[in-house]
1. Work out from phi, with θ = phi - 60° and the Karplus expression 6.51 cos²θ - 1.76 cosθ + 1.60, the ³J(HN,Hα) of each residue of segment 93-106, listed in order in whole Hz, and give x for Gly and Pro.
2. Averaged per residue, what accessible area in Å² does the chain show with a 1.4 Å probe, protein chains only?
3. So what's the angle, to the nearest 10 degrees on a 0 to 90 scale, between helix 269-280 and the longest Cα principal axis of the chain?
4. Could you put Ser329, Ser105 in order of accessible surface area, largest first, with the 1.4 Å probe and the full protein assembly present?
5. Using a basic spin-label model with each label point 7 Å from the Cα along Cα→Cβ, how many nm lie between Lys394 and Asn311?
6. Express in nm, to one decimal, how much length is gained between Asn214 and Asn178 on full extension, taking 0.36 nm for each residue of separation and deducting their alpha carbon distance.
7. How far, in degrees from 0 to 90, does helix 335-344 lean away from the longest principal axis of the Cα atoms of the chain, to the nearest 10?
8. Quick one: dipole size for the chain, taken about the Cα centre, charges +1 on Lys/Arg Cβ and -1 on Asp/Glu Cβ, in debye to the nearest 20.
Amino acid sequence: MRKKIKKIYLDYSASTPIDKKVLSAMLPYFNNKFGNASSVHGFGQEALKAVDESRQKIAQFFNCSFQEIIFTSGATEANNLAIFGLIKALKRKNSKSKLHVITSSIEHQAVLEPFNALKEQGVEVTILPVKSNGVVDIEEFKRAVKDNTVFVSLMYVNNEVGSVQPICEIGKLIQKINEIRFKKWQKIEKEIRGDKPLMIYFHTDATQAINFFNCDVKHLHVDLLSFSGHKIYGPKGVGALFVKTGVLLDAIQLGGHHENNKRSGTLNVPGIVGLAKAIELFDKKIIEKSNKKIAKLRQLLVEKIIKIIPNTILNTDINQSAPNFAHFSFLRVEGEAILILLDLAGIAVSTGSACASNNLKASSVLLAMGIKEEIAHSSIRFTLGKQTTEAEIKQVIAILPPIIEKLQNMAPQ
Ligand SMILES: Cc1ncc(COP(=O)(O)O)c(C=O)c1O
């Protein structure tokens, strides 16, 4: 009889398994406590209480206030709401000004596509390049800012190579620019100075950062922040957007006026309870220990793969990345072929972001990092998680080299 292979999951940045404690916190809200949080009766009030408590826990984690958290269906929706909602409100207020917005070339499609749509609507868009390690250059950012810049969206951790952006530094810079704009405006005589000057609002997509980095919104100096449940051992189909008090944001989907008129739609009570439970489980000490373990296992994987497989290119900058990412290119082989052979051997990895991995175009993130198209096609992303073990990494180290050798031998010279 054929021995059943034990599956190894190394695609934690695509999705994480739900934590048992999160699942048990959610279960009552599917049946016994199924009420609609907008209903006035007892069932509704019970659901609303759970939503309120969840919102409070999440606000505490991000060091913001209760009403600054808006629940959404995930990070895609949170990003869309941040971008379109803010620009819609700014256009309404400043109908005469041509607005300028900035993002980077390595953002998730849930940011890049809304920015492309803004461009079609006549908004001036700057897409910042990145350095070869996938990190935005602060000097490039400074050069990109113009008098009419009103919005900047930069992701905290990239979802393909794991590069970490200098969010806190850029947040502080934006704050300074806003202070200068305000002081300049104050110096103009009261009678002629008109409305307050345009300010820059700063958004970060922190979806891949929550597990590893400080997401205190005051420390980061951000006005808006998106995240998602299923990347943090919580449920799929739920996420949230932090919106700082005072930031203008129009609803982009209309209906029942939920979430303080900012996001219509019946609240996903079990999902919200699960999201808050996942956040509540972020005990600083346990996380630090788990992250150290993940970083050590990544180190083992990277060192051995580079040593054993000739001409391996490591696309993740170990010194400026989330500790769970290891993104490699192997010359003369297709990433998809590696993925399929690894899958047959019971190892789940990815060639790029989960959403883009059924798309055979070379990754725009790798191309933006200056990686040649042919090399970009030869890549594989490993992302480790809480449950990853040393035995699993050793198994990958044993299985991957013969797969690459076999594929390289089959490839035309
Ligand atoms: C950085 C980043 N932003 C946004 C998303 C989309 O999140 P969701 O699946 O919650 O819509 C993802 C998921 O791959 C991501 O990695």
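The values are calculated or read from the model by the stated rules, or taken from the named source; none is laboratory data. Because the structure is predicted, anything quoted here is derived from the model rather than measured. Positions of Cβ are backbone-derived with ideal geometry, glycine not excepted, and every protein chain shown enters the neighbour counts. Protein only, heavy atoms only, side chains kept; ligands, DNA and RNA dropped before computing areas. Shrake-Rupley method; radii C 1.70, N 1.55, O 1.52, S 1.80 Å.
1. 7, 10, 4, 8, 7, 7, 8, 10, 10, 10, 9, 10, 6, 10
2. Per residue, the chain has an accessible area of 48 Å².
3. Roughly 70 degrees, rounded to the nearest 10.
4. Accessible-area ranking of Ser329, Ser105, largest first: Ser105, Ser329.
5. That separation, rounded to one decimal, is 3.1 nm.
6. Roughly 10.6 nm would be gained on extension.
7. The angle comes out near 70 degrees.
8. It comes to approximately 620 debye.
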